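A quick write-up on the structure given underneath.
Derivation of every value follows stated rules applied to the coordinates shown; laboratory data play no part. Quick caveat: nothing in here was measured; it's all calculated off a predicted structure.
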Amino acid sequence: MRRSPVTAVCTAAALAVLLGGCAPSETAAAPTVTVTATVTVTPTPAPEPTPTTPPPPAAAPAPAPVPNAAAPVVEPGPANDLGARDGANGTPVLDDSGMPVSYTVVAGDSFFDIAQRFDLPQQQLLRMNPQVHDFGETVYIGNVINLDWTKTG
C-alpha cells in the first residue's frame, strides 16, 4: 500500500509536532504564548441598613462599696481552772472569790496546755499576756502568766 505524498507530509508534520517537545531543537525557538485577560470591575453593593432596637436605658450606677466593720473581739470571760494536766501542772494564784488570776510556769508546761487548762482560747491568753512572744512557743520556767481577763500585762 502506497501513501500519497500529502499524507506522508501530514504524518511527518504531526510527528514533528508531537516529538518536538521531547527533544530540544537548537534551531527551533521556544514558542511564545500570549494570554489576554479581561478584568471586569464589579462595584460592591452598599449594605442596607438593618433596623436596630434602641439601646436599653442606662442602669443606675452601682452603689459605692462599703467596707466591712471590724470583727468584734469576743472575750469568753474569766479563766476557769479545769484542773492540772500534762503541760500545765503548776498551782494558780486565786483571788478572794476563788477565781485564778495568775499562773507560774513550771517544768514541762506549754502555753497551749495552760490555755486549755484554764478554758481560754490561746489567742485570748496571748492578748492578756503581751510579754509572751512567738505565739506562746517560748515560755520559760518561772514566767508568770496573767489569767485575769480584766487586766493585761
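Odds and ends about this structure:
- Over all Cα atoms in the stretch 92-146, the spread is summed up by Rg and Dmax: 10.7, 33 Å.
- Gained length - Glu137 relative to Thr91, 0.36 nm times residue gap less alpha-carbon distance: 14.5 nm
- Computed over the Cα atoms of the stretch 60-153, the ratio of the radius of gyration to the Kirkwood radius (Rg/Rh) comes to 1.20.
- Cut-off under 5 Å, modelled amide H: who pairs with Ser102 long-range: Val93, Leu147
- Each residue of the stretch 98-108 was assigned a 3J(HN,Hα) from its phi angle through the Karplus expression (A = 6.51, B = -1.76, C = 1.60, θ = phi - 60°), giving x, 8, x, 10, 7, 9, 9, 5, 10, 4, x Hz with x at Gly and Pro.
- Long-range HN-HN contacts of Gly90 with modeled amide H, under 5 Å: Val106
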